[in-house]
1. Being of a type in the set (D, E) and either part of a strand (DSSP E or B) or within 30 Å of B:G104 (Cα to Cα) (or both) is the filter; apply it to segment A:66-102 and report the residue that is farthest from the other protein chains (Cβ to nearest Cβ).
2. Check whether at least one residue in segment A:19-38 is at pLDDT below 95, exposed (fewer than 13 other Cβ atoms within 10 Å of the Cβ) and either outside any loop (DSSP other than H, G, I, E, B) or outside the structural domain of A:P136 (by TED's automatic domain parsing) (or both), and report yes or no.
3. Assess whether A:L83 counts as being buried (at least 24 other Cβ atoms within 10 Å of the Cβ), within 18 Å of A:V31 (Cα to Cα) and not aromatic (F, W, Y).
4. Restricting attention to helices (runs of 4 or more DSSP H) lying wholly within segment B:277-367, give those where 2 or more residues are under 9 Å from the mean Cα position of the chain (by Cα).
5. Could you pull out the residue among B:R193, B:R176, B:R159 that is among the charged types (D, E, K, R) and part of a loop (DSSP other than H, G, I, E, B)?
6. In this structure, does B:G204 turn out to be surrounded by 24 or more Cβ atoms within 10 Å (Cβ to Cβ) and over 18 Å from the mean Cα position of the chain (by Cα)?
7. Got at least one residue in segment B:242-255 being crowded, with 20+ Cβ neighbours inside 10 Å, in a strand (DSSP E or B) and modelled with pLDDT under 95?
8. In segment A:105-121, what residues are surrounded by fewer than 19 Cβ atoms within 10 Å (Cβ to Cβ), touching a Gly at 6+ places or on another chain (Cβ under 9 Å) and either closer than 20 Å to A:A201 by Cβ or away from chain B (no Cβ under 13 Å) (or both)?
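The values are calculated or read from the model by the stated rules, or taken from the named source; none is laboratory data. Computed from a predicted structure; not experimentally measured. With ideal geometry, Cβ positions are generated from the backbone for all residues, glycine too; neighbour counts draw on all protein chains shown.
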Amino acid sequence: MHQSEKDPTSQTIGTPVRTVEILVNTKPVCVSSEVTGAEIKSAAKVPADFKLFRVDGHREVPVGDEEQLHVHHHEKFVASPTLDPAFVVSPTHATAIDTVRDAFPAHPVNVDAPGDGTTVITVRNIDVGAGWNVTPIDLTVKVHVTFPSSPPYPFYGPAGMARTDGRRLPQIQPQVQLAGELRTQISLMKPFNPTVETLGARLVAVVGWLRDPR
Amino acid sequence: MTWSARISQRDYEQLIAHLHPGDDDEHAAFLYAGETATPKDHRLLIRRVIPVPHHDFGPSDRGGYRQVAARALARAAIECETEGLRLLWAHSHPGAVDHVRFSGPDLATHNRAHPHMINMTGGRPVASLVFGTGSVAGEVWLPDGKVVELDHLDVVGARTARLTASPLATADTSARFARQVLMFGTKGQATLRSMTVAVVGAGGGGSLLVQTLAHLGVGRIIIVDFDRVDVTNLSRMVGATPKDARRRRLKVDVLRRLAHAIDPEIDVVAIAGDITYEADARALLAADYVFSATDTQFARFAVNAICHQYLIPGAQVGAKVVTDEDGAVRLAYAMHRPIDLGGACLECGGGIDPDAVRREQLNDAERQAQAYVNAPAGGDIVDPSVITLNSAAVAMAMLDFQFSATGMFPPRTRLAQRIYHAPERALRDRQAATRPGCRWCDRHAVGGAFARGDDHPLPLRPGSPPRPNLTGVAERVRRLFAPTECWSTEPGAQRGSQCTESIKVALFGGEPRRLRSDWGEVLVGLIRARRGRRVKPAHRELRNT
């Protein structure tokens, strides 16, 4: 294949322009023998943001949108999208999860994205001291799509948490539902300023309160 | 119709090491797969894992978290299109352990890219998988526009596991397995119950395998053998009785009876067939594990081919006694050759004699004409055989099966061939390596069959063996016709009188008291009616009536 600059005289002194059938993503497409990358994508009806590649044996050779090509009959091209996965709904949540991992480097951090825009983050095996009937615990928080404008609240531990001395704390509700599972709700609410506090720091504060609930 | 996927343990470990390296970040990989369709489900068979390098998985400019570069996808699509494979892409969700699901951005990417990926790979299905450290969710996009959820991913090899998007509920197990559950756990026992295990060869080794599988609680056993019990089998075939030998019962029927005597709830599929024929071999595709306990090299070749082409783990068991001319024992050993799909196949591991495979396909005339070395005049070689050696081989194989099926082997376990030399009381491992270019176990071999599924033809005899698979009265009739069938296919033989004579021998010389006289009359009448013609059409006619 020859690549050339766009030259209006080339048709008269070189190969005459004609219509040829090329294969784009294994489908036949008719284009002019002198054609640009963008024109090939347009003729093949693939989105303009896809990247075009000429197939050379087993290799892929990039073709720019403005690049002028001389194409042959049944020459193969691939128009490829990017793949953009994300384990959470937004990069903001991903950053927040990083702060949790930084705050609890010795603990596994589990993440679940239920598909409704929220992210459920669980820090595993946290020792909350002998004052509770269960320790260590898995500490969970559900982060909403509006985070950090909306604060991380409430927090959850395993169902049935209670003080060993029998003291009842208003912040503790031992039997609530979260995603179909019974948990203990830990209702610690205070203003959250994302410019000075991270999600990891807030969870550290919750653990501090659990170890010494005054 | 459900869709599932299957990957060898070696490839899975490579994939997970890339997707979850411990950095709590997201990673991606491409998987190239073959495909097979069974009456119950479609299965993607993962042939190769291609990690997406860090420089091709940078931050997303479309609002997602990260982005597989278009060029990396194009390269993978070209390779799949060229090799005729399906393109799967996988990524990880850091923090997901035993629950995982696609995020909103993941699903948006599917909608945007998958229809084009189907075209890029020549109109084949594409799929996306998301991995937790112990879970997987997936979507399969079909060329007709349908989207199907992936039911599960089976990891097969030395350490078998079934991965799903969330943990499966484990059913209670029967009290009969209470002591086993203490070792395997409820989940391990339930896994055994859900398994289908095939045993090829129903002789000495095969009978021990079936007996042990039934005791372990395997839910479904497929037994394949065309042979019948004779008196020489009674010394080593578990479950066979002198009555079975007198009646020349099919070995598979005897083993079905044996399995049901141990556990009536086991589903036993007894196939009086030959897996060197494609139609019978396809019965093994429903299996989760295949044992080869057959003496013939061609059957062993068939098992090796099926296991690697369809990603079914298995093992070959056998025993060998070699005597010198004076009858003194020179060698006596039991051998277990695992097929763990991560290392050398039986061909590369020396478990298949290529020339013996060829010889076993010769007809009588060719065999006589070629008169190969060491062939006894006018008969097959009869090797010494004894149940103790079979038991040793089966014990080694069943231990590996049990640990593999219940996931009790530690990660990165590789199963070597193991030989027990009885006279020396020595247990030795034999390491084997994949021969470069091997069509069965080298997944980079051009035109290779590893994990190609239905895309690659099975190199077996087409169709079914020329032996009708009959039961009951029809089976008894078939047995009577066997000598005449053999005779009638011989060129130049005189028809008629010899044919009738064969029937007479079968009727009155063989076991006259066990045949009803009316059947004899029917048979002789048919022979007379068909005099001068092959007996087989008459036999079909009888079956139709």
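1. A:D102
2. So far as segment A:19-38 goes, yes, one or more of its residues are at pLDDT below 95, exposed (fewer than 13 other Cβ atoms within 10 Å of the Cβ) and either outside any loop (DSSP other than H, G, I, E, B) or outside the structural domain of A:P136 (by TED's automatic domain parsing) (or both).
3. Judged against the criteria, A:L83 is not a match.
4. Here the list reads B:297-309.
5. One residue alone meets the criteria, B:R159.
6. Values: surrounded by 24 or more Cβ atoms within 10 Å (Cβ to Cβ): yes; over 18 Å from the mean Cα position of the chain (by Cα): yes.
So B:G204 fits the description; yes.
7. Yes - at least one qualifying residue is present in segment B:242-255.
8. Selection gives A:P108 alone.
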